[in-house]
1. Within the group B:27, B:20, which residue is in contact with a Leu (Cβ under 8 Å, 6 or more places away or on another chain) and free of Cβ contacts under 8 Å to residues at least 40 places away in the same chain?
2. Can you tell me how many residues within the range B:185-211 are of a type outside the set (Gly, Ala, Ser), assigned to a strand (DSSP E or B) and open to solvent by less than 10 Å² (accessible area, probe 1.4 Å)?
3. List pairs: first in the range B:209-232 and within 22 Å of residue B:12 (Cβ to Cβ), second crowded, with 19+ Cβ neighbours inside 10 Å and hydroxyl-bearing (Ser, Thr, Tyr), Cβ under 6 Å, 6+ apart or cross-chain?
4. Among the numbered criteria (1) within 9 Å of another protein chain (Cβ to nearest Cβ); (2) of a type outside the set (D, E, K, R); (3) within 16 Å of the chain's Cα centre (by Cα), which one does residue B:254 miss?
5. Any residue in the range B:297-315 that's under 17 Å from residue A:38 (Cβ atoms) and more than 8 Å from chain A (Cβ to nearest Cβ): show its pairings with residues that are assigned to a loop (DSSP other than H, G, I, E, B) and β-branched (Val, Ile, Thr) at Cβ separation under 7 Å, as long as the two are six or more apart or on different chains.
6. Examine the range A:84-96 for a residue that is part of a loop (DSSP other than H, G, I, E, B), of a type in the set (Lys, Arg) and open to solvent by 10 Å² or more (accessible area, probe 1.4 Å), and state whether such a residue exists.
7. Output the strands (runs of 3 or more DSSP E) that fall wholly within the range B:2-89 and possess 1 or more residues being open to solvent by 10 Å² or more (accessible area, probe 1.4 Å) and not acidic (Asp, Glu), or say none.
8. Determine which single condition residue A:40 fails, assuming it passes every other condition in (1) open to solvent by less than 10 Å² (accessible area, probe 1.4 Å); (2) touching a helix residue (DSSP H, G or I) at 6+ places or on another chain (Cβ under 7 Å); (3) of a type in the set (D, E, K, R).
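The values are calculated or read from the model by the stated rules, or taken from the named source; none is laboratory data. Small disclaimer: the values here were computed from a predicted structure and weren't measured. Cβ placement follows ideal geometry from the backbone for every residue including glycine, while neighbour counts extend to all protein chains displayed. Each accessible area value is taken on the protein alone, full model and side chains, heavy atoms only, with ligands, DNA and RNA left out. Shrake-Rupley method; radii C 1.70, N 1.55, O 1.52, S 1.80 Å.
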Amino acid sequence: MKSAKKECVVMLLAGGQGSRLGALTKKLAKPSVPYGGKYRIIDFPLSNCVNSGLDTIGVLTQYQPLILNSYIGDGKSWDLDRMNGGIQILPPYQRVGDSEWYSGTANAIYQNMDFIDQYNPEYVLVLSGDHIYKMDYSLMIKFHKEKSADCTISVIDVPVREASRFGILSSDDEGRITDFEEKPKKPRSTKASMGIYVFNWNKLKEYLKIDNKNPKSTRDFGKDVIPLMLSAGEKMYSYEFKGYWKDVGTIDSLWQANMDLLGNSGLDLSGDWVIYSRHTERPPQYISSNSSVKNSIVSEGAVILGSVENSVIFSGVKIEENVVVKDSVIMADVQIRENSVINYSIIDESVIIEANLKVGTPIDKNPDITVIPRESIVRTGGVK
Amino acid sequence: MNALGIIFSDMQDWNMTELASHRSVAAIPFGGRYRLVDFTLSNMVNSGIDKMCIITKSNYRSLMEHVGSGKDWDLSRKKGGILIFPPYALGENHGLFQGRLDALKRVLDYISSSKEKYVIMSDCDMLYNINYKDVIRYHEEKNSDITAVYTTANLNRSNSIHKILYEFDSSKRADDILVYPITSGVHNVGLNTWVMNKDFLESIIYDAIARNYKDFSIDVLAKKVHSLRIYGYEYTGYFAHIDSLQSYYDNSLGLLNMENQQRLFYSQTGPIYTKTKDSAPTKYCRDANVKNSLLASGCIIEGAVENSIIFRGVTIGKNAVVKNSIIMQHGVIEEGARLDSIITDTYARVTRDRVLLGYSNCPFFIKKYSVI
């Protein structure tokens, strides 16, 4: 089958385990972690692609792909069920005389060079599936073309104290990258790589092949391929992004990213840059006469008979009478039975919390966030 | 399933002047996030029917836009799927159709070329949740020519006039059919849903062409009640007939009753499907005060809402109070405005501090795009 040429092919890295999310990623890969009332993290890069006019996307999966695969389906929720291009899931596969897991981010692309080649693209956009942000990638690609760059890396300004958690770039006045350090102890700048790369495909192919021959390489973009290209003197530029961007790699940051949707300071999900998602059909939300909902967002199909404050309530959640939910993230189809009190918690999908229970500790006592894993039942005497 | 669905978008629109002035009855928004046609389409799809058409009369743009390719109802298929028939002139039949039989004459080719054994005909102004498989099984058992779905309801003289009433013998065979009577009391009310064998429907249409019959209920049901085997299938679940602004208002607010929600939205038959819009979840601000209301997604609530239905993308400003009202899609109620017993059509805006009052038996209607 011959595919039409595409100027840019997107490769979305979605195989990450997200081990720092603990119980939340036991059964699913990090990009499929639910967020913001009705989304999963992967909705953000996918919607950004579609809104940027990019319609050919390979999704590289490895860790616990079941939920992610069935979530993506044929891609029609993101308008990615296309005659030409569209979305394709790319798990590791077996070849003659050779089969291996994706051993690093660069290796995942290396193993799928044939997928990219069938579209004969000029550029490849590499994305990761674990950040919450709205970004027009077409502007970054335009910048890449204007600079006649070989590689462009998107960067965001981070506070100095956090800089050593990221890959840190230094660049000259023109934006040309002079230095790149992965998680430096003493960062030389505060420009952090967002893990978003535009490459000239021919150039990237060259370096992927070189890197693959190096037995010492960890086959990672940040640790291996980018430093290799930089030391070879390729034209590499940094592209500055301004706006909301959140790495949701930890329980705390996932909770915070959800809270950022309340009030007016953080991320606004309404507006023209629509974030698409796949959801089951639900009736409108019902708020009863005795309930109270303050400073919260609530999704379709939720039934609220109790009180909810500073919280994110997903689709199909049922909150019964006299329940109090505060400072919490309640994911889809959770049922909280009467008189129970939930504080500072993340309750994963389809959990049932029986009546008259207390889950979590009030936020003003500065506790850790309580996490209840998916499909469990919380009864007096413990979690089952 | 071996059945073809035929849906009429506007068979009875005489009394719906406000809501259907610029859209077909099928496209009237209902229940916070639906259009009336969603209930009929979902009944069909949930019963396993995957081939159907909608016969429209006029003002069908919003209906076309809503249904699109049918993919939100899983009806975008290589085989079957959904077709919308705009008004269709055939030979001497110029202008709009006059009655259900006249409309069917114009889509005879579509019916004849369909391979399905049964036909299910339904309107969009009756809301109920049914599995047509059961009706077809019953139709087979009774060996009927026409099986009419009905429910028992207590009528008054003002709402009986838009209904077809059946009287049955002990075997549930119809022995009298009253079309649009003025009456009151408990009656067997037709849900304007009929099951027939496709061959039988074709024979009726040929007969109608020969005799210039136009009206199915009068020329077939009422006139031939004794010569045809017409049987009643009793439906006992949630039922609403949207035949006037008042019944629209009453039945909308009726959904605030959790038992009604359960019966219409969460029935065993399956979910109610509608066009996907990808709105963000609804945001409740610090001073929001919402009681006993249904809200769709994409709203921003800063004020008070009570006993109301709020559609997608509505904004309720600070200190605004919305009571006993229906605010359709993208309505904006600005700061300090007060509404009681109001229906605002889509994209209406009530500006700052305006006060609008209707009454429960006289809800006040605000037109699409109005700015008050």
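1. Of the residues listed, the single one that is in contact with a Leu (Cβ under 8 Å, 6 or more places away or on another chain) and free of Cβ contacts under 8 Å to residues at least 40 places away in the same chain is B:27.
2. From the range B:185-211, those of a type outside the set (Gly, Ala, Ser) are B:186-189, B:191-202, B:204-207, B:209, B:211; that's our starting set.
From what is left, the residues that are assigned to a strand (DSSP E or B) are B:186-189, B:191-197.
From the residues that got through so far, the ones that are open to solvent by less than 10 Å² (accessible area, probe 1.4 Å) too are B:189, B:191-196.
Result for the range B:185-211: 7.
3. Cβ pairs passing all conditions: B:219/B:213; B:232/B:150; B:232/B:166.
4. (1)
5. That search, which allows pairs on different chains as well, returns B:299/B:314.
6. No - not one qualifying residue is present in the range A:84-96.
7. Answer list for the range B:2-89: B:51-55, B:81-85.
8. The failed condition is (1).
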